[in-house]
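Presented below is the structure to which this report refers.
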């Protein structure tokens, strides 16, 4: 039987998930999301282009920057993926593991989780080639594949993708609306916060310190939003999948 997604209940679950696991989630995100991004921003030189550079010059400069730093970018991607897995384990694993236990479990499934993310991205990309909408549809159908892999301990990539496709059946429009509203709101919060706080910092201090503090603020806000999106995906899975057998047993015990 298909469960209809209740958007209000889903958002309440996002807040419940975050409040219940706030310290653990932020500690993981701080180490594996914030620190790598800050290190990259502070110690890797950004491409410098003339003020009158055309679009082709800008594109070539950015392309060369990514080529020169591809190893570091991939390592940061692995660290961010590991953080996502560990946070999902902390939220969804029925055994309620500690951070250390969650890290061990996350490490054991990191490669299939990361490979599934790449495969999902490829599917979304090819779908987007057909007038964008099919790509959006594929993204929505696969949005809870990661949480399903973790919660149900389904480490087979194909099975996790099929599970996500089945869970979102009949709810694609609601899932799309929920993700879009949260993502757009988070984007405007990010832009507004970074702009306003960055302006205050540059009025208060000058030079390299201002750049460092602005980078730090950007990294911290980005970390919070990354944690929020993990909570969103976990809450979507919980709402679509319904209570587990263990949760039902706890309810009636």
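Some observations on this one:
- All positions within region 74-107 that are part of a helix (DSSP H, G or I) and surrounded by fewer than 19 Cβ atoms within 10 Å (Cβ to Cβ): 74, 75, 76, 77, 78, 79, 80, 99, 100, 101, 104, 107
To keep it simple, each residue is scored yes or no on (1) in contact with a strand residue (DSSP E or B) (Cβ under 9 Å, 6 or more places away or on another chain); (2) closer than 29 Å to residue 26 by Cβ; (3) free of Cβ contacts under 8 Å to residues at least 60 places away in the same chain.
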position: 137; (1), (2), (3): no, no, yes
position: 154; (1), (2), (3): no, yes, yes
position: 161; (1), (2), (3): no, no, yes
position: 169; (1), (2), (3): no, no, no
position: 172; (1), (2), (3): no, no, yes
position: 176; (1), (2), (3): no, yes, yes
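- Exactly one residue among 67, 71, 14 is assigned to a helix (DSSP H, G or I) and touching a helix residue (DSSP H, G or I) at 6+ places or on another chain (Cβ under 7 Å), and that residue is 14.
- On inspection, residue 127 fails the criterion of being under 16 Å from the mean Cα position of the chain (by Cα) and either part of a helix (DSSP H, G or I) or loosely packed, with under 13 Cβ neighbours inside 10 Å (or both).
- Test for residue 236: is it at pLDDT 95 or above and either over 21 Å from the mean Cα position of the chain (by Cα) or surrounded by 14 or more Cβ atoms within 10 Å (Cβ to Cβ) (or both): yes
- Tallying residues that are in a helix (DSSP H, G or I) and in contact with a helix residue (DSSP H, G or I) (Cβ under 6 Å, 6 or more places away or on another chain) within region 150-173 yields 10.
- Residues considered: 42, 58. Of these, the only one that is under 15 Å from residue 215 (Cβ atoms), surrounded by 11 or more Cβ atoms within 10 Å (Cβ to Cβ) and more than 15 Å from the chain's Cα centre (by Cα) is 42.
- Filtering region 32-62 to residues that are in contact (Cβ under 8 Å) with a residue 12 or more places away in the chain and part of a helix (DSSP H, G or I) leaves 32, 33, 34, 36, 37, 38, 40, 41, 42, 61, 62.
The values are calculated or read from the model by the stated rules, or taken from the named source; none is laboratory data. What you see is a predicted model; the values in this text were computed from it and never measured. Please note: Cβ atoms are built from the backbone with ideal geometry, for glycine as well, and neighbour counts cover all protein chains shown.
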